[in-house]
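Visitor: Attaching a single structure in structure tokens format; questions to follow.
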2 protein chains.
Amino acid sequence: MASPSSDAEDLPLRPSSEAVPHDLIELLFFAYRDFVGDPDRILADYGFGRAHHRVLHFVQRRPGLTIAELLDILQITKQSLNRVLKELVEKGYIEQRTGRQDKRQRHLHTTPSGQDLALRLVRLQAKRINRALEGAAPETAAIAARYLAALIDAAERPKVERLLDKP
Amino acid sequence: MASPSSDAEDLPLRPSSEAVPHDLIELLFFAYRDFVGDPDRILADYGFGRAHHRVLHFVQRRPGLTIAELLDILQITKQSLNRVLKELVEKGYIEQRTGRQDKRQRHLHTTPSGQDLALRLVRLQAKRINRALEGAAPETAAIAARYLAALIDAAERPKVERLLDKP
DNA sequence: AATTTGGGTCAGCCTTATTGACATATCTCA
DNA sequence: TGAGATATGTCAATAAGGCTGACCCAAATT
């Protein structure tokens with residue numbers, strides 16, 4: 001292999017801006033798939049899907065959330081949100097309360113059964129994460145969190161960090 | 001708050017098997033979304049979607065892959081695979097070669113334009129990852145990779161590790 | 001020769017998302 | 001007060017990417 005293209009292989013290290021970390025790319029795909037796979041199986045028993053899970057999760061995490069805030073977190077259209085939200089309300093997992101100050105707003109809350117389901121799902125995901133952290137170096141959780149946060153669009157990051165910080 | 005439920009808050013640390021790392025749960029959602037968002041925008045120009053990306057990616061990474069091997073990696077049905085694969089072949093991004101030893105098999109390869117597109121996409125994802133690693137501690141890449149691998153189903157992990165190790 | 005394996009395909013269905021258009025109630029501000 | 005902006009809800013059509021089930025063919029294996 002004396003072709004010009006062999007040059008790259010002979011270099012000690014390419015600048016990090018050109019290196020392609022195939023492992024990190026592919027691991028994110030596999031990890032994410034299995035991570036959401038756990039809840040998916042349970043949700044199917046309720047006739048719910050991944051979209052319902054996201055809504056339930058963030059409503060559980062930020063009780064009193066408005067529709068507009070939820071749309072901003074999920075970054076989907078209100079039509080998409082409305083379908084799953086309506087189902088969650090109809091089946092008694094989420095409750096809408098008209099705003100006191102601003103009566104146009106709907107504040108979202110989980111009902112007791114909504115809380116049960118949300119807790120069940122979050123514990124399942126926590127179990128997978130905690131299992132992954134068990135044998136790992138103690139800094140793993142902090143480093144992984146920082147890494148994942150750094151993957152988020154710079155423009156979105158402050159919003160996400162605000163979301164995670166508060167409660 | 002002297003109710004029984006306040007006990008948990010007074011404990012110094014719950015056992016890791018019960019703690020719920022909300023940040024790691026939510027960060028994975030946001031990070032994954034933005035991570036796949038980059039390629040999505042480019043793929044739209046070609047009339048392709050995320051599913052095409054996955055196929056193209058793994059064919060590029062493991063030239064000569066058979067249909068069965070690809071199905072095993074992606075964990076979708078052959079009907080689902082076939083639709084996107086057919087489009088990639090018809091549009092000239094992937095080529096199928098009948099196996100020499102076993103003529104039933106189809107070995108998949110990227111064409112020159114397939115390689116161009118795959119490279120363009122992988123560089124885009126690499127850029128996001130490398131940007132995330134830039135300011136981070138030097139162990140970040142290794143720790144993140146170990147963490148993500150540990151999130152994968154134990155049964156799948158050896159297969160994935162084999163996939164990542166080889167080339 | 002019979003069976004298994006690798007791959008292809010038809011048909012129908014579901015979920016999650018999109019765009020575009022429009023309706024209603026409420027709030028804000030000049 | 002009246003006009004316009006805002007928060008939400010809803011109808012209709014479309015697309016992507018999955019699924020199941022039922023078949024088919026050709027080649028390999030036994």
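The values are calculated or read from the model by the stated rules, or taken from the named source; none is laboratory data. Not measured: the values here are computed from a predicted model. Using ideal geometry, Cβ is built from the backbone for each residue, glycine included, and neighbour counts are taken over all protein chains shown. Ligands, DNA and RNA are stripped out before the accessible areas are found, and what is left, the full protein with its side chains, is counted by its heavy atoms. Shrake-Rupley method; radii C 1.70, N 1.55, O 1.52, S 1.80 Å.
Visitor: Have a look at A:Gln101, A:Gln96 and point out the one that is among the polar types (S, T, N, Q), outside any loop (DSSP other than H, G, I, E, B) and within 16 Å of DNA strand C (Cβ to nearest atom).
Guide: Values: A:Gln101 fails: outside any loop (DSSP other than H, G, I, E, B).
Only one candidate qualifies: A:Gln96.
Visitor: Just need a number here: residues in region A:110-151 that are without any contact (Cβ under 8 Å) to a residue 40 or more places away in the chain, of a type in the set (Val, Ile, Thr) and more than 7 Å from chain B (Cβ to nearest Cβ).
Guide: 1
One line per residue, one yes/no per condition, for (1) outside the structural domain of A:Arg61 (by TED's automatic domain parsing); (2) exposed (fewer than 12 other Cβ atoms within 10 Å of the Cβ); (3) basic (Lys, Arg):
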position	(1), (2), (3)
A:Glu95	no, no, no
A:Arg100	no, yes, yes
A:His107	no, no, no
A:Thr111	no, no, no
A:Arg128	no, no, yes
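Visitor: OK, next. With the requirement that a residue be of a type in the set (A, V, I, L, M, F, W, C), over 20 Å from B:Pro21 (Cβ atoms) and either within 14 Å of another protein chain (Cβ to nearest Cβ) or not in a helix (DSSP H, G or I) (or both), what does region A:25-53 give you?
Guide: Step one: list which residues in region A:25-53 are of a type in the set (A, V, I, L, M, F, W, C), which gives A:25, A:27-31, A:35-36, A:42-44, A:48, A:51.
With over 20 Å from B:Pro21 (Cβ atoms) added as a condition, the list becomes A:25, A:29, A:43-44, A:48, A:51.
Hits for region A:25-53 are A:Ile25, A:Phe29, A:Phe48, A:Ala51.
Visitor: In region B:29-46, which residues are free of Cβ contacts under 8 Å to residues at least 40 places away in the same chain and either within 8 Å of DNA strand D (Cβ to nearest atom) or of a type outside the set (Val, Ile, Thr) (or both)?
Guide: B:Phe29, B:Phe30, B:Ala31, B:Tyr32, B:Arg33, B:Gly37, B:Asp40, B:Arg41, B:Ala44, B:Asp45, listed by residue number.
Visitor: To continue, here is another question. Based on what the data block shows, is A:Val89 away from DNA strand C (no atom under 16 Å from the Cβ) and modelled with pLDDT of 95 or more? Step through it out loud before you land on a result.
Guide: Numbers: away from DNA strand C (no atom under 16 Å from the Cβ): no; modelled with pLDDT of 95 or more: yes.
Answer is no for this residue.
Visitor: Among what's in region B:54-89 and is more than 8 Å from DNA strand D (Cβ to nearest atom) and part of a loop (DSSP other than H, G, I, E, B), pick the residue that is most open to solvent (accessible area, probe 1.4 Å).
Guide: For region B:54-89, the residue satisfying everything is B:Pro63.
Visitor: Taking the stated definitions as given, is A:Leu119 open to solvent by less than 10 Å² (accessible area, probe 1.4 Å), closer than 26 Å to A:Tyr32 by Cβ, modelled with pLDDT of 95 or more and in the same structural domain as A:Arg50 (by TED's automatic domain parsing)? Break it down stepwise before answering.
Guide: Details: open to solvent by less than 10 Å² (accessible area, probe 1.4 Å): no; closer than 26 Å to A:Tyr32 by Cβ: yes; modelled with pLDDT of 95 or more: yes; in the same structural domain as A:Arg50 (by TED's automatic domain parsing): yes.
Spelling it out, it is not the case that A:Leu119 is open to solvent by less than 10 Å² (accessible area, probe 1.4 Å), closer than 26 Å to A:Tyr32 by Cβ, modelled with pLDDT of 95 or more and in the same structural domain as A:Arg50 (by TED's automatic domain parsing).
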